[in-house]
Amino acid sequence: MRILFICLLACLLLLQVVAFKAEKKAGILTPREKPVEEERYEKFRIQHINETMDENSCDSEIRRKNIYEKNRCKTINTFILADENSVKSICQGEKNNNKKKTRSKQKFRIVVCKLKKPARKPKCQYEGIKLTNRIVAVRCQNGLPVHFDGDILNFEN
Ligand SMILES: *[C@@H]1O[C@H](CO)[C@@H](O)[C@H](O)[C@H]1NC(C)=O
């Protein structure tokens, strides 16, 4: 009788260990974190995509979105005036993870915000310029834009 009881206890313990391992494998205990490129894209989206951005809103948008370089003002920040999907499509089928610049096939309207004079957060004053027909260069990571590299004037138009 006693041996039976000990056996039962051992069995229960074993079951718990097995269940714990299964849960861990299924990611129930440690929720899977977002892939790194999704987090980087999220940051890119906030900093660089706004379909309705206008050139007079640099100061307020940059402040609202908390775009700084540590405690200093960022010297330049560009907003692409397009919907998310058109911007994402720059990286479609792009396998060069982060290593080289990818140029957009599509041309975009952009607002370039240039810092007027060096200053500290949050007293950043920008001059905004709207440009059209720009090819933009980004870095892609697993099919998502994660870094803005600049814009290129397209002369063939
Ligand atoms: C885009 O910029 C405008 C100002 O030009 C602002 O009112 C709007 O909230 C911004 N949209 C997003 C999605 O950040």
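Computed from the coordinates by the stated procedures, all read-outs in this text should not be read as laboratory data. Bear in mind that the values here come from a model prediction, so they are computed numbers and not experimental data. Glycine also receives a Cβ, built like all others from the backbone with ideal geometry; neighbour counts cover every protein chain displayed.
On full extension, the segment bounded by residue 149 and residue 33 gains 39.1 nm, given 0.36 nm per residue less the C-alpha separation. Within the same chain, lysines fewer than 8 places from residue 95 are excluded, and of the rest, those with a Cα less than 19 Å from its Cα are 105. Report the Rg/Rh value for segment 52-157, based on alpha-carbon coordinates and the Kirkwood definition of Rh. Across segment 52-157, the Cα-based Rg/Rh ratio is 0.99.
Taking each residue as 0.36 nm, the span from residue 46 to residue 75 lengthens on full extension beyond its C-alpha to C-alpha distance by 8.7 nm.
So how do 36, 112 line up by other beta-carbon neighbours within 10 Å, fewest first? Display every interim value, and only then the final one.
On the way: 36 11, 112 19.
Starting with the residue having the fewest Cβ neighbours, the order is 36, 112.
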